[in-house]
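Supplied in structure tokens, the structure appears directly below.
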Amino acid sequence: MNLDRVRVEYITHTKGKITRYGFRFRKNRQFSEIYTTSEESYNELKRHLEFRCVQLNFQEKYQIEKMIGKGSFGRVSPIFMP
């Protein structure tokens, strides 16, 4: 799967005693989902995807400080994890 400009959303579903961990990949109004029941496999794949996909939870995970620059295609700001 080509992950250029793909957004990823992390999903967990619990039904009874079974928890499913999943990923929803979105691009151009289309999406695909994959699931696993292994939390270990989920966390390992999640670590790899965080570096290759657009994160939908970016603002929940990181705190953005003041903007230090901007250009035609974006802004530059230092960030940190609270």
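None of the figures in this text is laboratory data; all of them are computed from the coordinates on show. Every value quoted in this text rests on a predicted model; they were computed, and no experiment measured them.
Rg over Rh of region 7-80, using C-alpha atoms and the Kirkwood radius, what does it come to?
Values: Rg = 15.6 Å, Rh = 14.4 Å.
My calculation of the ratio gives 1.08.
Test of understanding: what is the full-extension gain from ARG7 to LYS70, defined as 0.36 nm times their sequence separation minus their Cα-Cα distance?
20.4 nm
Return a single number: how many Lys pairs in the chain, at a sequence separation of 8 or more or on separate chains, have alpha-carbon atoms below 23 angstrom apart.
Working: LYS15/LYS46; LYS17/LYS46; LYS27/LYS46; LYS27/LYS61; LYS46/LYS61; LYS61/LYS70.
Lysine pair count for the chain: 6.
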